[in-house]
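> Below is one structure. I have some questions about it.
The values are calculated or read from the model by the stated rules, or taken from the named source; none is laboratory data. None of these values were measured; they are calculated from a predicted model. For neighbour counting, all protein chains shown are included, and Cβ atoms are generated from backbone atoms with ideal geometry for every residue, glycine included.
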Amino acid sequence: MNDIGDERRSVSPADESAANNNVEAELPAEARIAALEAELAEHKDRLLRALAETEHTRRRAQREREDAAKYAISGFAKDLLSAADNLRRALDSVPEAMARDERTRNLLAGVAATERELLAAFERHGIRRIDPSGEPFDHNFHQAIYEAERTEEPPGTIIEVLQPGYLIHDRLLRPAMVGVAKKAANSAEPAAPQ
């Protein structure tokens with residue numbers, strides 16, 4: 001019993017391909033050509049798909065490399081935003097008119113120079129400040145902290161910037177914290193007569 005199973009297993013791949021060639025040889029020439037053309041078309045399709053997938057992978061990897069280079073400093077930049085805010089608060093806390101002695105004026109000039117240098121470094125690396133005073137509110141770039149009734153401003157207009165926002169290239173790094181005008185309650189439409 002084992003001898004028969006061993007004989008079946010001992011058929012080599014070369015013998016199998018020879019047997020397949022004999023079967024193919026028995027087919028008419030036109031059928032063989034059609035089968036070979038179909039096989040060629042299948043292989044060509046596979047090759048084109050593999051090339052397209054390779055090109056797609058290459059482009060995606062290049063785009064990810066470019067994004068990584070552009071936005072790699074995002075975390076570091078976010079950490080520096082509070083320093084920029086603190087420099088601005090220091091300058092706003094003492095108006096120049098109140099700086100009476102030379103030492104205080106020099107200190108304010110030094111803080112202003114430091115703020116300018118920091119903002120210039122931000123600009124060199126694609127980070128820019130958003131200061132939207134008077135602009136229409138845009139939830140993509142602004143975060144409304146409060147609404148106030150204002151008759152002199154159209155509803156939805158930014159009336160105060162509490163904290164400026166920042167963009168890094170085309171992405172939002174931090175939204176601007178703003179106050180927004182809303183329609184005054186006394187300017188509501190009168191009720192319809194009954």
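> Working carefully through the options Gly134, Gly179, find the one that is in contact (Cβ under 8 Å) with a residue 24 or more places away in the chain, farther than 30 Å from Asp67 by Cα and outside any loop (DSSP other than H, G, I, E, B). Spell out how you get there, then give the answer.
On the way: Gly134 fails: outside any loop (DSSP other than H, G, I, E, B).
Just a single option satisfies the conditions, and that option is Gly179.
> Yes or no: Ala25 of a type in the set (A, V, I, L, M, F, W, C) and modelled with pLDDT under 90? Steps first, please.
Numbers: of a type in the set (A, V, I, L, M, F, W, C): yes; modelled with pLDDT under 90: yes.
Criteria met by Ala25.
> Say we look at region 158-173 and pick out the residues that are assigned to a loop (DSSP other than H, G, I, E, B) and touching a residue at least 24 places away in the same chain (Cβ under 8 Å); which of these is surrounded by the fewest Cβ atoms within 10 Å (Cβ to Cβ)?
Let us first name the residues in region 158-173 that are assigned to a loop (DSSP other than H, G, I, E, B), namely 164, 169-170.
Right, trim to touching a residue at least 24 places away in the same chain (Cβ under 8 Å) and you get 164, 169.
Details: Pro164: 19, His169: 13.
Among those residues, the one meeting the criterion is His169.
Residue by residue, here is whether (1) surrounded by 12 or more Cβ atoms within 10 Å (Cβ to Cβ); (2) under 26 Å from Ala181 (Cα atoms); (3) among the aromatic types (Phe, Trp, Tyr) holds:
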{"position": "Ala61", "(1), (2), (3)": "no, no, no"}
{"position": "Asn106", "(1), (2), (3)": "no, no, no"}
{"position": "Thr114", "(1), (2), (3)": "yes, no, no"}
{"position": "Glu123", "(1), (2), (3)": "no, no, no"}
{"position": "Ala144", "(1), (2), (3)": "yes, yes, no"}
{"position": "Arg150", "(1), (2), (3)": "yes, yes, no"}
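> Continuing with the same structure: Looking at the structure I just gave you, is Phe141 touching a residue at least 12 places away in the same chain (Cβ under 8 Å), aromatic (Phe, Trp, Tyr) and under 30 Å from Ala185 (Cβ atoms)? Even if it seems obvious, please write down each step before you answer.
On the way: touching a residue at least 12 places away in the same chain (Cβ under 8 Å): yes; aromatic (Phe, Trp, Tyr): yes; under 30 Å from Ala185 (Cβ atoms): yes.
Taking the combined requirement at face value, the residue satisfies it.
> Another question, if that's okay. Please find, among Pro155, Pro95, the residue that is over 30 Å from Glu66 (Cα atoms), without any contact (Cβ under 8 Å) to a residue 40 or more places away in the chain and in contact with a Lys or Arg (Cβ under 6 Å, 6 or more places away or on another chain). Before you say what the answer is, go through the steps one by one.
Working: Pro95 fails: in contact with a Lys or Arg (Cβ under 6 Å, 6 or more places away or on another chain).
Result of the check over Pro155, Pro95: Pro155.
> I've got another one for you. Give the residue, chosen from Arg46, Arg32, that is surrounded by 10 or more Cβ atoms within 10 Å (Cβ to Cβ), more than 23 Å from the chain's Cα centre (by Cα), among the basic types (Lys, Arg) and at pLDDT 95 or above. Steps first, answer last, please.
Values: Arg32 fails: at pLDDT 95 or above.
None of the others qualify; the one that does is Arg46.
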